[in-house]
Amino acid sequence: MSNLIASEDSSAGEPGRGGSSSRRRRPPVQLGDLPHEIKDLIVRHCHGADHNVDSMIRRLEGCGGLPTDSDCNLYDVRRTYRRTVAVFYEVSMEWRSLCAPYRFGKLLMSRVADDYFHLVIAPTHGHHFVDIEFDATAPEQIVEFIKALPFLPNLRTINLTRKLHDGIGRLDAPLQQAVEERLDRVIGTGIRDLTLDRLPLADIFRFTTRAPNILNLSGPADWLLPTLEGVTSALLPRLRMLTVHCRPAAPALSWDSSEIVDRVKAIAAEHDKLEVIQLSHPYARLDSCPGPTEDSARHRT
């Protein structure tokens, strides 16, 4: 019987075989047949799923990583989950145009030295990059990043770390001066979100005094809070968001957690223009602490 049904169904709707053209099967719907709005929604949902996996990896890293007896590391775990946006990017030209802003939003320093990046990615998709992560700070990689800056006009987020500072310091004097001038120009004209991590005070002042557009500032609690007023006195009047990172794996903080919370609340009370103050910690949140004041409550995470 099943063979009969299959045989009858296969001939249905075919001219000359007992069916009518009105009953002809519709072709299957392909990804390319979807409306543009639906495709855009799919890409945004996929980007959200990729972001959730990245957030999980960062939380695990903040908590100390995987157990010591694990047979893999966090990067191995991330590689098992290929980014869905990257998959859709390869489907067609239309999907590629939809996925490009998400796929090329964040630039890793380790990839800048690649010839393919300079010849293809930077000229074609450089305007999509808004965030740079200095996961590699060898002097030659820093130079390649500076060379690529003309193709990166929309950078908005940058993390100035001690490793980056030391990498620049290993350059020859004329090249070091040229790199610092280009970096100063980028921070002063486009950067909105700045992370500072244990840089010498002189460099902090140099990078921030000519940076009128910075709205968000981040840094580790044991370095940022004790020197906040001195280091960022020029930034505080215009800052809108301050993020203080507490890291369990970092050296012991100068205060216990309650004193850190009290200091963050005091900053919230002193600077009314700050719209958000976040205390970033894998085990605690500012709004879970007892007795927040009314003023600090509207700045809490």
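Listed values, structure above:
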item	result
Matching residues in segment 64-79 - criterion: being surrounded by 13 or more Cβ atoms within 10 Å (Cβ to Cβ) and touching a residue at least 12 places away in the same chain (Cβ under 8 Å)	74, 77, 78
Residue count for segment 80-95, restricted to those that are surrounded by 10 or more Cβ atoms within 10 Å (Cβ to Cβ) and assigned to a helix (DSSP H, G or I)	8
Flag if residue 55 is at pLDDT 75 or above, outside any helix (DSSP H, G or I), under 30 Å from residue 245 (Cβ atoms) and of a type outside the set (Phe, Trp, Tyr)	no
Residue within segment 107-115 that is touching a Lys or Arg at 6+ places or on another chain (Cβ under 8 Å), surrounded by 13 or more Cβ atoms within 10 Å (Cβ to Cβ), of a type outside the set (Gly, Ala, Ser) and in a helix (DSSP H, G or I) present	no
Among (1) touching a strand residue (DSSP E or B) at 6+ places or on another chain (Cβ under 8 Å); (2) farther than 16 Å from residue 149 by Cα; (3) of a type in the set (A, V, I, L, M, F, W, C), the one test that residue 108 misses	(2)
Failed condition for residue 176, given (1) modelled with pLDDT of 85 or more; (2) within 26 Å of residue 240 (Cα to Cα); (3) more than 23 Å from the chain's Cα centre (by Cα)	(2)
Segment 32-55 residues that are within 17 Å of residue 101 (Cα to Cα), paired with ones that are modelled with pLDDT under 90 and not in a helix (DSSP H, G or I) (beta carbon under 7 Å, 6 or more apart)	50/83
For residue 156: the one exception among (1) closer than 16 Å to residue 217 by Cα; (2) among the charged types (D, E, K, R); (3) out of contact with any strand residue (DSSP E or B) (no Cβ under 9 Å at 6 or more places or on another chain)	(3)
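The values are calculated or read from the model by the stated rules, or taken from the named source; none is laboratory data. Everything quoted here is computed from the prediction, not taken from an experiment. FYI the Cβ positions are ideal-geometry reconstructions off the backbone, even for glycines, and counts take in every protein chain you see.
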